[in-house]
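Data first, discussion second: the structure below is written as C-alpha cells.
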Amino acid sequence: MEYDPQNPFARILRGELPGIKVYEDELTVAIMDIMPQADGHVLVLPREAAAEIFDLSEDGAAACIRTTQLVAKAVKAALNPPGVLIAQFNGRAAGQTVPHVHFHIIPRREGETLRPHGAVPADPEKLREIAARIVAALSGTAA
C-alpha cells in the first residue's frame, strides 16, 4: 500500500481534521476511533509518515509498541474489560483501509459481537466521555 499524505490520519496529525486524543508524545498519538468496533476502541498512530509497519523506522515501531501498551493498560483500567484485542493490519488484503500504519486497541467482553470495521460513526459526546476516562487512567486519577 502506498502512503498518501492526504489520508485522514495524516490530516489529524497535522491538525487539519479533528481527533479525540487520549495520549500523545514526540513520536505517537492515540485517538478514539470515530467508527469504533466496541466502546473504548482507540487507535495508536506514529507521527512518522509510513503506510505499513514495514515502512516504519525502528524508533517509530518501538514507540508505537510502547504507546500501545501504555494506552491498552489505561483502557483496561478505565473500562474494566475482561480482554483487550490489539490488532495491526498491513495492506488491503489484510484489511488495512487507511494508508497510515496504526494499531487498534479494542476492549473485549465475552458474548459481545464487534461492530463492523468502519461502518457506524459513534456519538462524539460518548467518545469524549470514554476518552476522558482513559485520560484519567493515564494520569493516575481514575476512580
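With a simple spin-label model that places each label point 7 Å from the Cα along the Cα-to-Cβ direction, the separation between residue 69 and residue 108 comes to 2.0 nm. Report summary: the helix-based calculation at 222 nm, which adds -39500 (n - 2.57) for every DSSP H run with n ≥ 4 and divides by the residues of the chain, gives -9500 deg cm²/dmol. In a simple Cβ point-charge model (Lys, Arg +1; Asp, Glu -1; nothing else charged), segment 22-106 has a dipole of about 320 debye relative to its Cα centre. Dipole check for the chain: with +1 at the C-beta of Lys and Arg, -1 at the C-beta of Asp and Glu, and the Cα centre as origin, the magnitude is about 460 Debye.
With the cut-off at under 14 Å, measuring from each backbone N in segment 94-123 to a point 7 Å along the Cα-to-Cβ line of residue 35 picks out 95-99, 115-123.
In plain terms, the residue of 120, 98, 42 with the fewest other Cβ atoms within 10 Å comes first and the most crowded comes last, giving 120, 98, 42.
Counting neighbouring Cβ atoms within 10 Å and putting the fewest first, the residues 123, 55 line up as 123, 55. Counting every other Cβ atom within 10 Å of each residue's Cβ, 97, 68 order from fewest to most as 97, 68.
No lab work stands behind these numbers, since they all come straight from the coordinates. Predicted model, so just to flag it, every value in this text is computed and none were measured. As a convention, Cβ positions derive from the backbone with ideal geometry for all residues, glycine included, and neighbour counts pool all protein chains shown.
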